[in-house]
Structures are given as structure tokens and as C-alpha cells.
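The values are calculated or read from the model by the stated rules, or taken from the named source; none is laboratory data. Here the structure is a predicted model, which means the values were calculated and not measured. Every residue, glycine as well, gets a Cβ built from its backbone with ideal geometry; the counts of neighbours run over all protein chains shown.
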Amino acid sequence: MKRARTLERQAELEAELALPTFPEAVQYLWTTFVRIRRRNAGNGFGATPITWADLDAYSRLSGMRLLPWEIEIIEQLDDAYLTSTREQEDTP
């Protein structure tokens, strides 16, 4: 932001970077995704998808039974994460 020449331009840039408030009702799904993702070691060639075995192990070890729609949300988050990391890897 220090490179912005005017206060108006700085305000415009900050507005572009502003994120909406994270919905509290689904915070637990984000936390679950992050916990599972941190434990996924990959295969040496980049990030790998969260597997059914990962989800099963999380459910058994945490005592948190995930409903089908919650699993779908976690899968969608993981797909977005994998897409993002692959795009970063492809950028020179």
C-alpha cells in the first residue's frame, strides 16, 4: 500500500483486497479442512487430494462424524486449494 500515490488510490486498493466476513456457522468446516490438509503429506510432486481414508481417519480419531454435505464442502475446498497450488506452480 505504500506505493499507492494518493490516499484515494490506497483506499481503492484496500477495498479490492478486503474480504467478506467469514460465516461463523461454517467455521468448523474450514477448521476441519485445514486440520486434514495439514496432515496430508503429498507425494513429492505437489499436493495430493484429501482421500476418503483421510476423511475416515479424521472422523474416527476426532470423534466428529461428518455428514455427506459436510464432506462435499470439504472436497470443494480441497479442489479449490489444489487448483490454486497448481496454478502457482505453473506460474514462472
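For this structure, a couple of remarks:
- E70 among the charged types (D, E, K, R), within 30 Å of D90 (Cα to Cα) and modelled with pLDDT of 90 or more: no
- Some residue of the range 8-16 being surrounded by 12 or more Cβ atoms within 10 Å (Cβ to Cβ) and at pLDDT 90 or above: no
- Exclusive hit being modelled with pLDDT of 95 or more, surrounded by 10 or more Cβ atoms within 10 Å (Cβ to Cβ) and not aliphatic (A, V, I, L, M), set R60, R39, R86: R60
- The residues of the range 61-87 that are in contact (Cβ under 8 Å) with a residue 40 or more places away in the chain and either under 15 Å from L29 (Cα atoms) or in contact with an Asp or Glu (Cβ under 9 Å, 6 or more places away or on another chain) (or both), listed by number, are E70, I73, I74, L77, D78, Y81.
- Taking the range 16-92 as the region of interest, none of the helices (runs of 4 or more DSSP H) fully inside it holds 2 or more residues being touching a His at 6+ places or on another chain (Cβ under 7 Å) and on the phi > 0 side of the Ramachandran plot.
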